[in-house]
Amino acid sequence: MQTVATFKPNTGQIQILNGTGKSGIADAFRDYLISMGFDVIEFGNAREWNYEHTLVISRATSDSVAREMATALGTTRLLHLQRTTSLMEATVIIGKDYEELMRTWQQPKENPAKQP
């Protein structure tokens, strides 16, 4: 029996910026988003390190990629800022709530088959 590869939708071109000032946080977010199927093409530090909350910014006409990414990260903070000159579809600016968000990534998903 031949296995068919699972179709992956276009997960956009993503930029991750560390707005916390804590070293290595952008790396952790990058690794997690890549494991979720997102195409992270750029990551580094934000201009400032005073972001209290993680923010997802949609830079494309459609905000579907940004919404999917916000859901994957566990945040509801989404801003639509279309820039026709940007190559990115979405940007994540990591805020000081990163530990809270990262804890949600490690929680096991419920198996619907085990429900009573």
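For region 55-62, state whether one or more residues are in contact with a Leu (Cβ under 9 Å, 6 or more places away or on another chain), assigned to a helix (DSSP H, G or I), under 17 Å from Thr20 (Cα atoms) and not aromatic (Phe, Trp, Tyr).
Residues of region 55-62 in contact with a Leu (Cβ under 9 Å, 6 or more places away or on another chain): 55-59.
Adding the requirement that they be assigned to a helix (DSSP H, G or I) leaves none.
No, region 55-62 has no match at all.
Mind listing whichever residues of region 65-91 are out of contact with any helix residue (DSSP H, G or I) (no Cβ under 9 Å at 6 or more places or on another chain), over 21 Å from Arg103 (Cβ atoms) and either at pLDDT below 90 or crowded, with 20+ Cβ neighbours inside 10 Å (or both)? Working first, answer last.
So the first thing to find is which residues in region 65-91 are out of contact with any helix residue (DSSP H, G or I) (no Cβ under 9 Å at 6 or more places or on another chain), and the list is 65-68, 70-71, 81-88.
This time we only want the ones that are over 21 Å from Arg103 (Cβ atoms), so: 65-67, 81-88.
Result: Val65, Ala66, Leu81, Gln82, Arg83, Thr84, Thr85, Ser86, Leu87, Met88.
The values are calculated or read from the model by the stated rules, or taken from the named source; none is laboratory data. All values reported here derive from a predicted model rather than from experimental measurement. Reconstructed Cβ throughout: ideal geometry from the backbone, glycine too, with neighbour counts over all protein chains shown.
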